[in-house]
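One structure below.
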Amino acid sequence: MKRAVRPLLAAVLGLVLAGPLAAQSAGVPWESLDPEQQQVLSRLESTWNSLPPERQARLAAGARRWASMSPEERARTQGRFRRWQDLQPEERARLRQQFERFRELSPEEQARVRRNFRRFRDLPPEQREQLRERWREMTPEERQRLREQRRQHRPPPPPSQRPEPHRHDD
């Protein structure tokens, strides 16, 4: 079960804690943070100016999101962060790569991945475990064939995403 949750954990953690931001070349001055952000980031105050500007921006945005979370959301996020910290460095690196691949997908593909995850998550636990076990028992070749079969059965992209037909002007 741990293995199936980890890719989602990385994706959610990345979205919650990092978020898409444009890097600010000048950085984020500590004084520009509101009091709630400063409280959340207080342990970094003494080293704030030495942090890379992109990291300052990500941390400031994360602190802003943290301040807007309900107590339940905060508890879930803390749990996810603890699980992330407990991972081995190699596993974190693998999850970061998976998250980067996810971010490179088109919005439609990202939505498809999310829908499929929700469908999997909503299955009864026994059925999820059966699917995991079947996947573990497959050879790499069988897994690749399954992926290719799934790709062939996807609906066509919306008209706005289809390539223009080639016209011959004779």
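The values are calculated or read from the model by the stated rules, or taken from the named source; none is laboratory data. On a predicted model such as this, the values are computed, not experimentally measured, just so you know. Neighbour counts are summed over all protein chains in view; Cβ atoms, including those assigned to glycine, are modelled from backbone coordinates with ideal geometry. Ligands, DNA and RNA are stripped out before the accessible areas are found, and what is left, the full protein with its side chains, is counted by its heavy atoms. Shrake-Rupley method; radii C 1.70, N 1.55, O 1.52, S 1.80 Å.
Candidates in the stretch 78-102 are the residues that are open to solvent by 80 Å² or more (accessible area, probe 1.4 Å) and touching a residue at least 24 places away in the same chain (Cβ under 8 Å); of these, the one that is nearest to R150 (Cα to Cα) is R96. Any residue at all in the stretch 29-36 that is at pLDDT below 95, open to solvent by less than 80 Å² (accessible area, probe 1.4 Å) and touching a Lys or Arg at 6+ places or on another chain (Cβ under 6 Å)? Scanning the stretch 29-36 turns up no residue that is at pLDDT below 95, open to solvent by less than 80 Å² (accessible area, probe 1.4 Å) and touching a Lys or Arg at 6+ places or on another chain (Cβ under 6 Å). Among the residues making up the stretch 106-150, those that are farther than 22 Å from R80 by Cβ and not in a helix (DSSP H, G or I) are S106, P124, M138, T139.
A single entry from A67, A57, A75 fulfils the requirement of being within 29 Å of Q38 (Cβ to Cβ), open to solvent by less than 90 Å² (accessible area, probe 1.4 Å) and in contact with a helix residue (DSSP H, G or I) (Cβ under 6 Å, 6 or more places away or on another chain): A67.
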